[in-house]
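Since every read-out is calculated from the coordinates, none of them should be taken as a lab result. For clarity, every value in this text was computed on a predicted model and none was experimentally measured. Every residue, glycine among them, receives a Cβ derived from its backbone with ideal geometry; neighbour counts consider all protein chains shown.
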């Protein structure tokens, strides 16, 4: 894979990378829409507040919204960052003083946007086709510890019964079916380590854990099909290239690995093959994403790294 | 952002400070009977360390420290260490104090970054405390103070989940972001590159609880393992042999946080990387700090709890130089950029009877009746008081 160090504008599906390193990258290179958005809307001048932030462009049927979470609440903007259309303050009512309060984990499902919180509650917002009339539709109660990540998959045909996955600090995964009322389909228990990143693709849940493991589960039943000892440190990000079923895992051990997911034609079991590994020397990675749905290139961000590094296949 | 980070930050930075001071004092050590009036002896060294450790682990101070709170700015924290370093007969010039703080920060940044598991930052803290106990083993009272803090750490942190430790780790890393001061002992050991970045090894033991990367296991619908494939992961890792101890005494296994300085490996920073740093530091100074008032309150509370045993009274202060010669120290002071000085809030480190009473009274109020945090008017009074210093 060829390494090209270049600033560039990211496509609509973006990182949920740790915002502090991303903010640096944005300020130092002309990643226009991200940089502009950050300079317009981020109220907190201190690195502390910026740390709890996550950013996600939510692609909905009729619009794209930019969603930003922090320890204060949830902000939603039009996709170019020009207008804030919605603000939701986090309810800190029953939090003990020792508890960190924040929102984390953002995903779009149909005309809903799901955002996770420190308490384990998942807020579901109903988004109209246009305008600011956004409503909190539901609060999902499936988790007891802070949400880490949420993944969704566009419903394909009438028979897709599981299209949202939520993950938390204990490693617990909840699989849901979205709708005017969300239904819990199955729970996949944790094993003592956080699950910082989760993805959903064609009925397969891909989860990256704090001990460097990547696990693939059958979404409907929650059965474990694949367990990979993929990394030597906590995984920070997973991403999927949906056209080809490629999975990307990036971790604090400086490595990025690309995997090919498939289903066995006979048994329907999930299978995986290692495609490629890349070492980003001396960089504790914190975000990674494919740059296109065919997975021919990907980009990473890292701690103390002022650049976004992009890798393309030759 | 975790509100449980400050004790870990403070104790580990304090530990590094003691390692450096101990090494410098030993390096300038003169046998007692041969020493001139202005030279350091073994007795002096022990006294300085005892005074600093005893101030650091003062019960009231620790109580304030362990209260859940956000991390404050590097500047506010630096002021606390300035005061701490002057808790005894030792005096440090601004340039030496700057160098000391740079070394402390880079050392702990390195330790946090290289911790195998987020929870291992607790083992690093225990390593520092174990070593501190070694430095003051002749003083049972101070030893008891340190053990008390040890117990408090165990009580607060040993029950935290992996997710909470990951948040603490992230909070610490944000605090240390963009600091790339080159430390010559790190450069010599090849743990830091010439651009100031730390080397992250891809070999050695994996963290406790992690498997060596390289294996894919596949299962069928019934949960039976049906295939095992190896893949090339690129590193050179081995299994971890044992877990470090989180008890009051025990083998920590982890070497991070132990004393890496010795007589033959003097502490030294290279200043050629400083210009790049000072720009980012200056930028930090220019932005108005909305937490300034809260930081002053925090400092007042902490320093109210700090009992400084030796007022700068009849005894002369002995000056410690962190550089090799006095000329070097002067040079370093001259090359420091102006901007860094202008925005510093000068808080006198001198003992002042009236002010300590005032602070002690305020502190007393906080302790006894659990009053809510300062109202705006009290904060203004404090600011006014600080202005008078």
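Worth a mention:
- With neighbour counts taken as other beta-carbon atoms within 10 Å, the residues B:108, A:102 rank, fewest first, as A:102, B:108.
- Shape call, the stretch B:85-184: gyration tensor on alpha carbons, a/c limit 1.5: oblate
- Cα-based shape type of the stretch A:76-214, given that a ≥ b ≥ c are square roots of the gyration tensor eigenvalues and the cut on a/c is 1.5: oblate
- Averaging the Cα positions of each part gives two centres, and for the stretch A:211-242 and the stretch B:114-135 these lie 32 Å apart.
- Exposure proxy order (Cβ contacts within 10 Å, fewest to most) of B:167, A:309, B:187: B:187, A:309, B:167
- Peptide B:203-212 shows a mean partner chain C-beta count of 5 within 10 Å per residue C-beta.
- Judged by the mean number of other Cβ atoms found within 10 Å, the most tightly packed of the peptides B:234-242, A:238-246, B:251-259 leads the ranking A:238-246, B:251-259, B:234-242.
- Whole-angstrom gap from the stretch A:263-292 to the stretch B:169-208, using each part's C-alpha centre: 27 Å
- Shielding of peptide A:93-104 by partners, expressed as the average count of other chain Cβ atoms within 10 Å per residue Cβ, is 3.
- Exercise: per-residue mean of other protein chain Cβ atoms within 10 Å, A:274-284: 4
- For the stretch B:1-125: rounded, prolate or oblate by the Cα gyration tensor [a/c cutoff 1.5]: prolate
- Sorted peptide list for B:7-16, A:89-98, B:72-81, criterion being average Cβ within 10 angstrom, highest first: B:7-16, B:72-81, A:89-98
- Protection-proxy order for peptides A:170-182, A:76-88, A:204-216, each taking the mean of Cβ atoms within 10 Å per residue, highest first: A:204-216, A:170-182, A:76-88
- Among B:99, B:222, the order by Cβ neighbours within 10 angstrom, fewest to most, reads B:222, B:99.
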